[in-house]
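Structure first, commentary second.
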Amino acid sequence: TQTTPCRNLAAALAQVAADGEIIVLSTGEYDTAPLLIGKGVKITSPSGTVALVRQPITINASGGRVVLRGLDLKGTGTGDGITVIAADGVSIEDTSFDRWTIGLRLNAGLVSQVSVVNSVFRFNGTGMKDMGSSTMNRASISGSRFEANVVGLETLGGVHTVSDTAFIGPAIAGITAFSSSVDIRRSEFWKTGPGAAVAAFTGAVIRVSRSHIFGNGVGLDAAGGGSIVSSGTNVIRRNGTNTLGTISLLPEQ
């Protein structure tokens, strides 16, 4: 409660009821040990309050809905920022992932809905990765930025939508997909290293519409056994190679 506040998130989680809310009242660094979220809960750091968390967070809340809002997750180049094992739904808003092996790791073996809004992934090995534990997982990314990661988004399964999001300066690739579906809309990819801004490998289907892909080593790469469908008014230019493999063109519906 506000009259007797906890001094770390782990203590607050022990006190709050399922589906309750934890509100960060003051700027500071929270928690000195890995954090486990085992029930539905909202953790909110209001605008103007910096909640710095240097510990990995695991979400294992079967049947619950978890909302994380306004957190600043700072890593040291090892470990994963957030790992989702189980939850009916996970919503991550206005959160930054900085210097993790994987910023957000989706490892849920059950059907799970994950939403990422207005968040930043920077200097991670992989910004966000779906491990392919369930082909029924759904993930949505909107209004976010992936900056200077080795790989921005990697999918090994599931169905993903990416909208109004920028992938800037990845060392290898902006988005890579295996055995999954990715729908990209109104997004930007630029300054990718020697790899591709968008790459589809075996079993993957990527749809790209109304996006800008420029200044990358390769623009669209469908040479790995996957397929890429380009529709709408994509702008793909000034890449080392604009396209590899067969890119299907489909009029926008």
Task: Any strands (runs of 3 or more DSSP E) falling wholly within region 32-80 and containing at least 2 residues that are of a type outside the set (A, V, I, L, M) and either in contact with a helix residue (DSSP H, G or I) (Cβ under 9 Å, 6 or more places away or on another chain) or open to solvent by 20 Å² or more (accessible area, probe 1.4 Å) (or both) - done: 57-69, 71-74
- [ ] May I ask you to verify whether Ile85 is at negative phi, touching a helix residue (DSSP H, G or I) at 6+ places or on another chain (Cβ under 7 Å), in a strand (DSSP E or B) and not polar (S, T, N, Q)?
- [x] no
Task: Failed condition for Asn216, given (1) in contact with a Ser or Thr (Cβ under 6 Å, 6 or more places away or on another chain); (2) more than 22 Å from Ser140 (Cβ to Cβ); (3) open to solvent by 20 Å² or more (accessible area, probe 1.4 Å) - done: (3)
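For region 208-226, does any single residue satisfy the condition of being within 19 Å of the chain's Cα centre (by Cα) and modelled with pLDDT of 95 or more? Working first, answer last.
Kept after step one, since they are within 19 Å of the chain's Cα centre (by Cα), are these residues of region 208-226: 208, 211.
The next check asks that each one be modelled with pLDDT of 95 or more; those that pass are 208, 211.
So far as region 208-226 goes, yes, one or more of its residues are within 19 Å of the chain's Cα centre (by Cα) and modelled with pLDDT of 95 or more.
Of all residues being of a type in the set (Lys, Arg) and assigned to a loop (DSSP other than H, G, I, E, B) in region 177-230, which is farthest from Met131 (Cα to Cα)? Just the residue, please. First the steps, then the outcome.
We begin by selecting, within region 177-230, every residue of a type in the set (Lys, Arg); these are 185-186, 191, 207, 210.
Applying the additional criterion that residues be assigned to a loop (DSSP other than H, G, I, E, B) yields 186, 191, 210.
Values: Arg186: 25, Lys191: 26, Arg210: 28 Å.
Among residues in region 177-230 that are of a type in the set (Lys, Arg) and assigned to a loop (DSSP other than H, G, I, E, B), the one farthest from Met131 (Cα to Cα) is Arg210.
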Task: Scan of region 86-104 for residues that are surrounded by 24 or more Cβ atoms within 10 Å (Cβ to Cβ) and not hydrophobic (A, V, I, L, M, F, W, C), ordered by number - done: Thr95, Gly103
Task: region 125-139 residues that are under 19 Å from Thr76 (Cβ atoms), paired with ones that are assigned to a loop (DSSP other than H, G, I, E, B) (beta carbon under 6 Å, 6 or more apart) - done: Gly125/Thr101; Gly125/Val150; Gly127/Asn149
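The values are calculated or read from the model by the stated rules, or taken from the named source; none is laboratory data. Computed from a prediction, not measured in an experiment: that's the story for all the values here. No Cβ is skipped: glycine too gets one built from the backbone with ideal geometry, and neighbour counts run over all protein chains shown. The area values use the complete protein model at the heavy-atom level, side chains included, leaving out ligands, DNA and RNA. Shrake-Rupley method; radii C 1.70, N 1.55, O 1.52, S 1.80 Å.
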